[in-house]
Amino acid sequence: MTNQHIKKVVLAYSGGLDTSVIICWLKETYGCEVIAYCADLGQGEELSPLTEKAKKTGASKVYISDLKEIFAADYIFPMLRANAVYEDVYLLGTAIARPLIAKRQMEIAREEGADAVSHGATGKGNDQVRFELAYLAIDPQIKIIAPWRDWQFQSRSDLIAYTAEHNIPVEATADKPYSIDRNLLHVSYEGGILEDPWTAPLESMFATTVSPEAAPDEALTIEIEYKAGNPVSIDGKTYSPAALIEKLNEIGGRHGIGRVDLVENRYVGMKSRGIYETPGGTILHAAHRAVESITLDREVLHLRDSLIPQYASMLYNGYWFSPEREMLQALMDEAQKGVTGTARLKLYKGNVTVTGRKAPQSLYRPEISTFEKDTVYVQKEAEGFIRLNALRLKLSALKKDGR
Ligand code: ARG
């Protein structure tokens with residue numbers, strides 16, 4: 001792709017080693033103008049110094065976009081309404097961030113009249129797929145430059161050598177022996193020393209949670225209120241979507257909630273070992289299920305549940321902007337209209353335990369479910385229900401006996 005003619009590129013820039021090298025490499029390779037863009041998705045870093053830094057590295061202009069509230073309300077919440085979990089364990093914290101990063105990047109490209117976009121994802125991972133499917137879903141004409149798939153550099157030391165030759169400012173931070181991706185919803189760790197799936201994670205790497213062993217001996221009980229499938233308050237106090245997740249990260253982190261360690265299947269074909277911490281997201285999954293348990297019709301719940309793996313794969317594989325994800329989202333959200341109520345949860349040494357649920361329009365009727373005498377349910381009627389349902393079982397038993 002390096003023989004293309006490119007005038008102006010918008011780069012998804014983080015201020016780290018790779019994307020710093022990319023600014024310089026793009027200019028050198030294409031003789032083009034490079035605009036650096038960094039999305040604030042709650043990665044917990046001060047991003048304002050990046051403006052200076054990107055300019056020193058050679059960017060003609062720098063955009064820092066605070067997308068935290070949009071990320072929470074329009075990406076994380078819809079995903080949580082659908083209870084999305086990939087391969088039973090991964091809460092998709094990285095996957096859900098990519099489409100939003102790409103969307104804002106494409107807006108900047110349009111405003112700036114840029115003809116190309118670029119990112120620092122490698123040629124082996126899911127992130128390249130997620131970014132580029134989103135770019136192309138938004139503008140089929142956009143040119144995409146993925147330096148990791150094109151350039152000659154193979155390793156971090158190649159990049160460091162290049163920064164020295166080109167006077168690129170990089171901090172002399174010690175290289176972490178694994179790769180980290182952090183945002184409002186989670187922190188992920190993979191690669192390096194974690195590549196051996198038998199090697200346990202280091203306690204020192206976790207950024208937002210204490211270990212369950214180090215969590216307080218006292219349990220904490222909290223209440224989360226939902227309106228139409230979205231969490232709106234904690235212990236009666238209302239929060240904006242991003243503030244609510246931040247608050248639950250802080251509470252959950254203190255109680256050691258939401259660490260997972262798994263081997264997952266990447267879209268590009270290989271297996272990959274990942275460690276994640278998703279304290280707030282883990283609490284919200286449990287709370288949402290609890291409110292759904294008394295507000296969703298049985299068949300709606302079961303049918304919806306059967307679609308979660310497919311919805312989760314769409315997100316994992318990068319199809320946020322796709323007709324199939326939008327179709328499933330409409331179905332998921334239709335089911336959420338009545339999911340209004342409150343869950344009570346106990347947080348204790350890495351566990352979230354539901355201890356209560358209530359809803360103004362609850363479908364749970366104690367007067368019907370009771371073991372005591374009731375006036376509505378006629379026990380005698382259960383006999384015919386069972387007999388008719390047993391008919392085909394009886395027929396196949398008779399057949400087996402040769403009767
Ligand atoms: N394996 C996870 C995913 O595909 C996390 C990826 C983390 N990304 C990163 N650049 N370190 O969603």
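Those helices (runs of 4 or more DSSP H) of the stretch 7-94 in which at least 2 residues are of a type in the set (V, I, T), within 15 Å of the ligand (Cβ to nearest atom) and more than 19 Å from E246 (Cβ to Cβ), considering only elements entirely within it, cover 17-30. Among what's in the stretch 161-171 and is open to solvent by 50 Å² or more (accessible area, probe 1.4 Å) and in contact (Cβ under 8 Å) with a residue 12 or more places away in the chain, pick the residue that is nearest to the ligand (Cβ to nearest atom). The qualifying residue nearest to the ligand (Cβ to nearest atom) is V170. Does the stretch 39-50 contain any residue that is surrounded by fewer than 20 Cβ atoms within 10 Å (Cβ to Cβ) and either under 30 Å from E292 (Cα atoms) or touching a helix residue (DSSP H, G or I) at 6+ places or on another chain (Cβ under 8 Å) (or both)? Checking the stretch 39-50: at least one residue is surrounded by fewer than 20 Cβ atoms within 10 Å (Cβ to Cβ) and either under 30 Å from E292 (Cα atoms) or touching a helix residue (DSSP H, G or I) at 6+ places or on another chain (Cβ under 8 Å) (or both).
Among residues of the stretch 330-341 that are open to solvent by 50 Å² or more (accessible area, probe 1.4 Å), those with a Cβ under 8 angstrom from a residue that is at pLDDT 95 or above and among the charged types (D, E, K, R), sequence gap 6+ or separate chain, pair up as L331/R304. Checking the condition out of contact with any Ser or Thr (no Cβ under 7 Å at 6 or more places or on another chain) and within 30 Å of G341 (Cα to Cα), which residue from R81, R98, R130, R110 passes? The match here is R81.
Among what's in the stretch 177-218 and is within 14 Å of the ligand (Cβ to nearest atom) and of a type in the set (F, W, Y), pick the residue that is least open to solvent (accessible area, probe 1.4 Å). Only one residue fits best here, namely Y189. Of all residues in the stretch 30-44, those satisfying the criterion of being touching a residue at least 12 places away in the same chain (Cβ under 8 Å) and out of contact with any Asp or Glu (no Cβ under 8 Å at 6 or more places or on another chain) are Y30, C32, E33, V34, A36, Y37, C38, A39, L41, Q43, G44. Whenever a residue of the stretch 241-254 is under 19 Å from A228 (Cβ atoms), its partners that are acidic (D, E), lying with C-beta atoms within less than 6 angstrom and at least six residues away or across chains, give the pairs A242/E69. When you go through A174, A134, A146 one by one, which is the residue that is among the small types (G, A, S), at pLDDT 95 or above and either open to solvent by 60 Å² or more (accessible area, probe 1.4 Å) or touching a Pro at 6+ places or on another chain (Cβ under 8 Å) (or both)? The conditions single out A134.
Would you pick out the residues in the stretch 107-124 that are open to solvent by 10 Å² or more (accessible area, probe 1.4 Å) and of a type outside the set (D, E, K, R)?
First, the residues of the stretch 107-124 that are open to solvent by 10 Å² or more (accessible area, probe 1.4 Å): 107, 110-115, 120-124.
Residues satisfying the conditions are G113, A114, G120, A121, T122, G123.
Set side by side, the residues Y135, Y178 differ, and just one is among the hydroxyl-bearing types (S, T, Y) and closer than 23 Å to M314 by Cα, which is Y135. Number of residues in the stretch 266-289 that are hydroxyl-bearing (S, T, Y), open to solvent by 20 Å² or more (accessible area, probe 1.4 Å) and within 13 Å of the ligand (Cβ to nearest atom) equals 1. Taking residues in the stretch 63-82 that are over 25 Å from R289 (Cβ atoms) and touching a residue at least 12 places away in the same chain (Cβ under 8 Å), and partners anywhere that are open to solvent by 10 Å² or more (accessible area, probe 1.4 Å) and basic (K, R), the pairs with Cβ atoms closer than 6 Å and at least 6 places apart or on different chains are S65/R104.
When residues in the stretch 369-389 are screened for being surrounded by 10 or more Cβ atoms within 10 Å (Cβ to Cβ) and not in a helix (DSSP H, G or I), 3 of them pass. Can you tell me which residue within the stretch 352-368, out of those that are open to solvent by 90 Å² or more (accessible area, probe 1.4 Å) and not hydrophobic (A, V, I, L, M, F, W, C), is nearest to A286 (Cα to Cα)? For the stretch 352-368, the residue satisfying everything is R357.
Determine if the stretch 137-152 includes at least one residue that is touching a residue at least 60 places away in the same chain (Cβ under 8 Å) and within 29 Å of E246 (Cβ to Cβ). Yes: one or more hits. The residues of the stretch 290-324 that are in contact with a helix residue (DSSP H, G or I) (Cβ under 7 Å, 6 or more places away or on another chain), open to solvent by less than 20 Å² (accessible area, probe 1.4 Å) and assigned to a helix (DSSP H, G or I), listed by number, are E292, R304, Y311, L315.
The values are calculated or read from the model by the stated rules, or taken from the named source; none is laboratory data. As the structure is a computational prediction, the values presented were derived from the model and not from experiment. Don't worry about glycine lacking a Cβ; one is built from the backbone with ideal geometry, like all the others, and counts go over all protein chains shown. The area values use the complete protein model at the heavy-atom level, side chains included, leaving out ligands, DNA and RNA. Shrake-Rupley method; radii C 1.70, N 1.55, O 1.52, S 1.80 Å.
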